[in-house]
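Trainee: Handing you a structure now.
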Amino acid sequence: MITIEEKIKLFYKLLTQSMDIHLAEDLKETEDNYKYKIQRLKSVADKEAKDIEEKAVQRVEVRRAESLSKSKVIIKKDIMALKEKYYVIFMDKFNEKLAEFVQSKEYKSYLSNIISRVVTEIKSFGSCDLLIYMSKNDIDKYSDFVKAEINKEISFNVSFKSNPDIIGGLIAEIKEKNIKIDSSIDAVVEDNKMYIMQTIFEALEVGDYNG
């Protein structure tokens, strides 16, 4: 016959075994949950770290692109400033040479060619009053010559007026016909300004490459 004490011990043993089984199951479940949570947290952390890294790379690339763009703009401005500087220097020298040419012996022949072209344009208008604009120095030196050259071809009433803005050459005007022919050296230079600038800039660029 099993005593009460033996029954209690057996019950305790069965209870303990049952608790051990449940405890082991609980521990395994807890461990599995823990591993899952750890893995999930690691995945989240890895994703956040990757996002941060990608954003950091993007910021670096954006800053690099901005810096490069700014550098290109600065370099372009510096090049344009340098070209403009050399253009001004060239034009100063060029104007000095023009002033020398106006005082040279060849200048009179240049005036003769201008007069011939002007007369060709206006001789169809018949006898008119023709006003010639020249520099004061040219009027003093060449007014008689200019008048004689014009009247070789046509009979015009020629008068002169000084223009301080004219370096050389002349401007012919027939007021009653509302006609003005600008054959001044200044007009020739202005008409060819873009060509002069382009030629100077191309020469500077060739100099850069050969340097």
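Read-outs: derived from the displayed coordinates by stated rules, not from any lab. The structure presented is a predicted model; accordingly, all values stated were derived computationally and were not measured. Glycine gets a Cβ as well: all are built from the backbone with ideal geometry, and neighbour counts include every protein chain shown.
Trainee: How many nm separate the modelled label positions at LYS70 and ASN157, each set 7 Å beyond the Cα in the direction of the Cβ?
Mentor: Reported label-point gap for LYS70 and ASN157 is 7.1 nm.
Trainee: Residues with amide H under 5 Å of LEU170's amide H, sequence separation 5 or more or different chain, H placed in the peptide plane at 1.01 Å from N; which?
Mentor: SER183, SER184, ILE185
Trainee: I'm a student and want to see the number: the projected area of the Cα convex hull of region 98-144, averaged over all directions, in nm².
Mentor: Numbers: hull surface 15.2 nm².
The number I arrive at for region 98-144 is 3.8 nm².
Trainee: Percent of Cα-Cα pairs more than 21 Å apart in region 58-158, please.
Mentor: Values: 3011 of 5050 pairs.
Within region 58-158, distances greater than 21 Å cover 60 percent of Cα pairs.
Trainee: Which entries in LYS85/LYS136; LYS105/LYS161; LYS105/LYS180; LYS50/LYS70 show an alpha-carbon gap greater than 25 Å? Write out the running numbers ahead of the final one.
Mentor: Numbers: LYS85/LYS136 31 Å; LYS105/LYS161 23 Å; LYS105/LYS180 27 Å; LYS50/LYS70 30 Å.
Cα-Cα > 25 Å for LYS85/LYS136; LYS105/LYS180; LYS50/LYS70; rest within.
Trainee: Taking the beta-carbon count within 10 Å as an exposure proxy, list SER127, SER183 from fewest neighbours to most.
Mentor: In order of increasing Cβ crowding within 10 Å: SER127, SER183.
Trainee: Students often check this: by mean Cβ neighbours within 10 Å, which of 132-143, 171-182 ranks highest, and how do the rest follow?
Mentor: Numbers: 132-143: 18.2, 171-182: 14.4.
Per-residue Cβ counts within 10 Å, averaged per peptide and sorted highest first, yield 132-143, 171-182.
Trainee: Okay, next question. Within a Cβ distance under 13 Å of SER162, other residues only, what is the Lys/Arg minus Asp/Glu net charge? Don't skip to the end; give the middle numbers.
Mentor: Working: positive: LYS136, LYS141, LYS161; negative: ASP138, ASP140, ASP165.
The answer is 0.
Trainee: Based solely on C-alpha atoms, express the radius of gyration and the Dmax of region 82-211 in angstrom.
Mentor: When restricted to the Cα atoms of region 82-211, Rg and Dmax are 17.8, 61 Å.
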